[in-house]
1. Using a ≥ b ≥ c from the Cα gyration tensor of the stretch 1-40 (square roots of the eigenvalues), is it rounded, prolate or oblate, where a/c under 1.5 gives rounded and otherwise the larger of a/b and b/c decides, a/b for prolate?
2. Let me cross-check Val140: its accessible surface, 1.4 Å probe, with only protein heavy atoms counted, in Å² to the nearest 10?
3. From the Cα gyration tensor of the stretch 25-120, with a ≥ b ≥ c the square roots of its eigenvalues, which class applies: rounded if a/c is under 1.5, or else prolate if a/b is larger than b/c, or else oblate?
4. At 1.4 Å probe size, put Arg92, Arg49 in order of accessible surface, largest to smallest.
5. Counting only heavy atoms of the protein chains, get the accessible area per residue of the chain (1.4 Å probe) and round it to a whole Å² value.
6. Applying the Karplus parametrisation 6.51 cos²θ - 1.76 cosθ + 1.60 with θ = phi - 60° to the phi angles of the stretch 83-93, what ³J(HN,Hα) value in whole Hz is obtained for each residue in order, glycine and proline being reported as x?
7. Report P(r) for the chain: all Cα-Cα distances, bin width 5 Å, range 0 to the bin holding the largest distance, values in whole percent.
8. Students sometimes get this wrong: rank Val61, Val38 by accessible area, probe 1.4 Å, all chains present, largest first.
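The values are calculated or read from the model by the stated rules, or taken from the named source; none is laboratory data. Everything numeric in this text was worked out from a predicted model, so none of it was measured. Cβ coordinates were reconstructed from backbone atoms using ideal geometry, including for glycine residues, and neighbour counts include every protein chain displayed. Heads up: the accessible areas ignore ligands, DNA and RNA and are worked out on the full protein's heavy atoms, side chains in. Shrake-Rupley method; radii C 1.70, N 1.55, O 1.52, S 1.80 Å.
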Amino acid sequence: MDIRKIINIFKRWVWLLILGGVLAGVGGYIVSSRQTPVYQASTRFVVLRAAQTTYDYYSYVDSQQLISTYAQLLSTESLLQRASEVLGFPVRKGQATAQQVGETQFVQLTVKDTIPEKAAAIANGLIEVLIEQNEQLQSVRYISAEENIQNRINQAETQIAILQEQI
């Protein structure tokens with residue numbers, strides 16, 4: 001095919017290409033101007049193990065699992081419901097996503113909403129509720145450990161008393 005024929009065909013149909021581009025641009029502008037803007041707020045927090053004494057492969061895996069657990073916990077129904085109660089407005093399931101930042105101990109929480117202040121409030125509220133729930137879980141864990149130790153102390157004291165009587 002001759003290059004002149006290609007140029008002539010292009011000249012004949014160039015108006016259609018231009019019209020298509022203009023119509024696509026106008027259509028895109030109309031659609032985007034009618035859409036409600038969605039704002040995004042993000043926050044990061046670090047997950048640390050308390051009193052970690054060894055730094056081997058198993059502690060690394062344990063730490064990664066803990067980070068993954070916190071990331072998943074941020075999108076559970078109970079946490080979202082508690083955040084809704086604290087904030088005073090509903091927090092929907094798909095609004096918040098959490099994920100680990102690379103291979104670090106950081107978790108990034110991202111919240112989307114049509115009101116920017118509301119998105120920021122939800123992100124901060126979810127973190128506060130997560131901290132509150134974590135403190136409750138830890139206190140229950142330590143209370144049961146303390147009760148266990150106290151029971152052992154009582155048993156030891158009883159045995160000491162029995163041995164003292166025998167002596």
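1. prolate
2. Ignoring ligands and nucleic acids, Val140 comes out at about 90 Å².
3. Details: a/c = 3.58, a/b = 1.99, b/c = 1.79.
In terms of gyration-tensor shape, prolate.
4. So the residues, ranked largest to smallest area, are Arg92, Arg49.
5. Per-residue accessible area for the chain comes out at 76 Å².
6. So the Karplus estimates, Gly and Pro as x, are 5, 4, 5, 5, 7, x, 9, x, 10, 7, 4 Hz.
7. 1, 7, 10, 11, 10, 8, 7, 7, 6, 6, 6, 5, 5, 3, 2, 1, 1, 1, 1, 1, 1, 0, 0, 0
8. Highest to lowest solvent-accessible surface, that is Val38, Val61.
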